[in-house]
Amino acid sequence: MPQNEKTGSSEPKAEVILYCTQWCPGCRSARAFLKEHNIKYVDVDISKDREAAARVRGWADGNETTPTIDIGGEIVVDWDKKKICELLGIN
């Protein structure tokens, strides 16, 4: 899937999936970071995809916390740059 492609209601298949909203400052930081490091990702807007919002609530103790990032099956809730760098192998 191309970078930033909006997905439908089924779970996307990609190495990096960014669960976000358009208004979230942490999401803007995450998008800029991934772009800066040439990391391809799928961007899922949980305000429009309620199935994705339910997945995020399951990972984030019932909250719709954004950004939530799925990196190869490892879930990072909120903007944790150190953990994201570790999972992506960025020094």
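Every number here is computed from the coordinates shown, using simple stated rules; none is lab data. For clarity, every value in this text was computed on a predicted model and none was experimentally measured. With ideal geometry, Cβ positions are generated from the backbone for all residues, glycine too; neighbour counts draw on all protein chains shown.
Show the residue pairs that are 6+ apart or on different chains and have beta-carbon atoms under 7 Å apart, the first residue being within region 12-34 and within 20 Å of Ile90 (Cβ to Cβ), the second being of a type in the set (Ser, Thr, Tyr) and surrounded by fewer than 18 Cβ atoms within 10 Å (Cβ to Cβ).
Taking only residues 6 or more apart or on different chains, the pairs are Cys27/Thr21.
Tally up the residues in region 36-68 that are part of a loop (DSSP other than H, G, I, E, B) and not aliphatic (A, V, I, L, M), please.
Residues flagged as part of a loop (DSSP other than H, G, I, E, B) and not aliphatic (A, V, I, L, M) within region 36-68 amount to 14.
Just name the residue that is surrounded by the fewest Cβ atoms within 10 Å (Cβ to Cβ) out of those in region 9-35 that are closer than 18 Å to Gly72 by Cα and hydrophobic (A, V, I, L, M, F, W, C).
Filtering region 9-35 for residues that are closer than 18 Å to Gly72 by Cα and hydrophobic (A, V, I, L, M, F, W, C), the one surrounded by the fewest Cβ atoms within 10 Å (Cβ to Cβ) comes out as Phe33.
Among residues belonging to region 69-84 that are over 9 Å from the mean Cα position of the chain (by Cα) and without any contact (Cβ under 8 Å) to a residue 12 or more places away in the chain, point out the one that is nearest to Arg55 (Cα to Cα).
The residue in question is Gly73.
Quick one: in region 40-58, which of the residues that are closer than 12 Å to Pro12 by Cα and in contact with a helix residue (DSSP H, G or I) (Cβ under 6 Å, 6 or more places away or on another chain) is surrounded by the most Cβ atoms within 10 Å (Cβ to Cβ)?
Among those residues, the one meeting the criterion is Val44.
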